1. Quick one: what Rg and Dmax do you get for segment 230-297 from the alpha carbons, in Å?
2. Can you work out ³J(HN,Hα) from phi for every residue in segment 245-253, in order, using Karplus 6.51 cos²θ - 1.76 cosθ + 1.60 and θ = phi - 60°, giving whole Hz and x for Gly and Pro?
3. 222 nm [θ] for the chain, helices only, -39500 (n - 2.57) per DSSP H run of 4+, per residue, to 500?
4. Please arrange 30, 39, 13 by accessible surface area, largest first, computed with a 1.4 Å probe and ligands excluded.
5. Considering amide H positions built from the backbone, and no H for Pro or chain starts, which residues 5 or more places from residue 182, or on another chain, come under 5 Å of its amide H?
6. What are the ³J(HN,Hα) values, in whole Hz, obtained from phi via the Karplus relation 6.51 cos²θ - 1.76 cosθ + 1.60 with θ = phi - 60°, for each residue of segment 15-24 in sequence order, with x given for Gly and Pro?
7. Go through 1, 25, 60 and say which Cα lies farthest out towards the positive end of the charge dipole of segment 1-125; charges sit on Cβ, +1 for Lys and Arg, -1 for Asp and Glu.
8. Would you mind giving the three semi-axes, in whole Å and largest first, of the ellipsoid equivalent to the chain according to its Cα gyration tensor?
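The values are calculated or read from the model by the stated rules, or taken from the named source; none is laboratory data. Bear in mind that the values here come from a model prediction, so they are computed numbers and not experimental data. Cβ placement follows ideal geometry from the backbone for every residue including glycine, while neighbour counts extend to all protein chains displayed. Each accessible area value is taken on the protein alone, full model and side chains, heavy atoms only, with ligands, DNA and RNA left out. Shrake-Rupley method; radii C 1.70, N 1.55, O 1.52, S 1.80 Å.
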Amino acid sequence: MQNRIEELKRSFVTSLGAAGSAESLEALRVEYLGKKGYVAELMKGLKDASDKKAAGQLINEFKTEVEDSIAKATEELRAAQIAAKIRGAKKYNPTLRAEAEFGSYHPITLATREVEEIFVSMGFTIENYFEIVDDYKCFEALNIPKHHPARDMQDTYYLDNGQLLKTHTSAAQNAIMKKYGAPLRAIFPGRCFRNESTDACHENTFFQMEGMMIDENISISNLIYFMKTMLSEVFKRDVKVRLRPGFFPFVEPGFELDINCEICGGEGCPSCKNSGWLELCPCGMIHPNVLREGGIDTEKYTGFAFGLGLTRLAMMKYGVKDIRDFNSGNLKALSQFKSI
Ligand code: DAH
């Protein structure tokens, strides 16, 4: 029995080394683990073995080894196929000739839809919200009273009637809490505005996607789980992220979730201000003041919120080096995305 197992082990290793496709791995699985496979044959021979217990153990070990090796090889093959797909994918190049005969979706629309789909599959609803809001929604309801220094970072465009162009999608949090109450799972993508000087990574008009999950016993681990799942789905592989403490008056504790810069691979470039990291998704546990202001019972419920930089995400996903390309209306740049 032992000799036969040793012999099978050797032939398995040789065959595994030669199996270069999902089909050949499946064939190998059937050959060894199938109903009429070698392991089944060994089990049949067990009744004639002198030490049945030891022989049974050997067979089991062999079976596990075959199962694990095939699972590992299948996973490696899948990873190699994805890597090859990424290497071969058509890359964005703003100097190519425009293909303007047919319309195409804007890259931000493509990225928005993709992220929406992922969150919908996790039970989130999608909400629409205004671009013009009042001071209360954009700041005060978010624990940012008048004259709070956090307002300095978010200068925007004011209308004569005192309303303003929203500086962040967080401006919808209060209205959505009041509309649905708890428990609640919602995402709300939207256009945001800031009075900023523009460069390769800053624009006065950009997109974010806010998300909120409010329920009993929501903790930071729920937040981290949702963020990681979403990012690995968007990039179709494990992405490098780091979590740092960050201050936002409407969350406590608050975090900055950074993603490894996909444009330079982390070496440093103008898109990531030479740091190798890009702030992609600030997030945190919703401050009790904000929950109360939205009419949520803070004795019973907690929740997390995040503000995903959709424009930044699209830059990373499609390798767009200059954020200004998105709003340029330049068909040379924009018409390429239908085929990416
Ligand atoms: N609204 C913030 C901004 O644009 C980003 C943000 C931070 C949103 C933390 C959140 C959050 O929901 O929890 O600067």
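1. 15.2, 46
2. Result, rounded to whole Hz: x, x, 9, 9, x, 9, 9, 7, x.
3. Result for the chain: -12500 deg cm²/dmol, rounded to the nearest 500.
4. The residues order as 13, 30, 39, largest area first.
5. For residue 182, no residues qualify.
6. Here the 3J(HN,Hα) series is 5, 4, x, 8, 7, x, 9, 4, 5, 5 Hz.
7. Final value for the positive-end residue is 1.
8. Listed largest to smallest, the semi-axes of the chain are 51, 27, 16 Å.
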